[in-house]
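S.K.: First, the structure itself, so that you have it in front of you.
The values are calculated or read from the model by the stated rules, or taken from the named source; none is laboratory data. These figures come from a predicted structure and were not determined experimentally. FYI the Cβ positions are ideal-geometry reconstructions off the backbone, even for glycines, and counts take in every protein chain you see.
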Amino acid sequence: MQQTTRGGITRRFSIGAGISAITMSIASRAWATEPSPPPHDGRKIEASGGGDLPPDYKNIDPKTGGQKAYAVLTPEERAKGFVRPYRDTYTHLRCGTSTSMSKDIAETFAADPKFYNAAYCVHCRGLYPLKEFVWAGTNEMVGS
C-alpha cells in the first residue's frame, strides 16, 4: 500500500490483480459538500475541525476540487440528536468510488440530512449533487 499526504489530505492507494482502490481521509478537514447553506433556523455552525468559517470558505481549491473549508453544525447542535444513522462513507454512482468524510461532517449529515446539497468524490476530484451518491453498502441516496 502506498500513501501520500498533501494539504491535510491523505490518500491511500492499493493495487492488486489489475484493480486499484482509492480511499481518502482528512484529519481536521472535510469535503462532503458544496457551499453549505446558512442555517435557516438559528442553528450554530462552524468550520469542520472547529473554529470560525473563513469568509472565502466556499472557494474551490483547484488542486483538490474541494472547498477551502466546510460548514458543520457545532458540537452542541449535533449533540441534540440525529434523525438519520451515523454513516461516514458514501459511493459516487458515476464512478463507483467510495469516499469517507470526517466525523463532524458525518454527524452533521446524521443530524440534518438536508444541510448539504453536494458531496465530494475523491476519484472525480469535485463536488457533485447528492443525487449522484448512495451510502456505502446501500442503495439509499445521501441526503435522503
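S.K.: Looking at the stretch 123-144, can you tell me whether even one residue there is in contact (Cβ under 8 Å) with a residue 24 or more places away in the chain and within 23 Å of Lys44 (Cβ to Cβ)?
M.R.: Yes, the stretch 123-144 contains at least one residue that is in contact (Cβ under 8 Å) with a residue 24 or more places away in the chain and within 23 Å of Lys44 (Cβ to Cβ).
So that you can scan it fast, the table gives a plain yes or no per residue for (1) part of a loop (DSSP other than H, G, I, E, B); (2) at positive phi; (3) surrounded by 21 or more Cβ atoms within 10 Å (Cβ to Cβ):
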| residue | (1), (2), (3) |
| --- | --- |
| Pro55 | yes, no, no |
| Thr99 | no, no, yes |
| Ile105 | no, no, yes |
| His123 | yes, no, no |
| Thr138 | yes, no, no |
| Gly143 | yes, yes, yes |
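S.K.: In the list Thr33, Thr23, Thr89, which residue meets the criterion of being closer than 26 Å to Glu140 by Cα, at pLDDT 95 or above, hydroxyl-bearing (Ser, Thr, Tyr) and within 13 Å of the chain's Cα centre (by Cα)?
M.R.: Thr89
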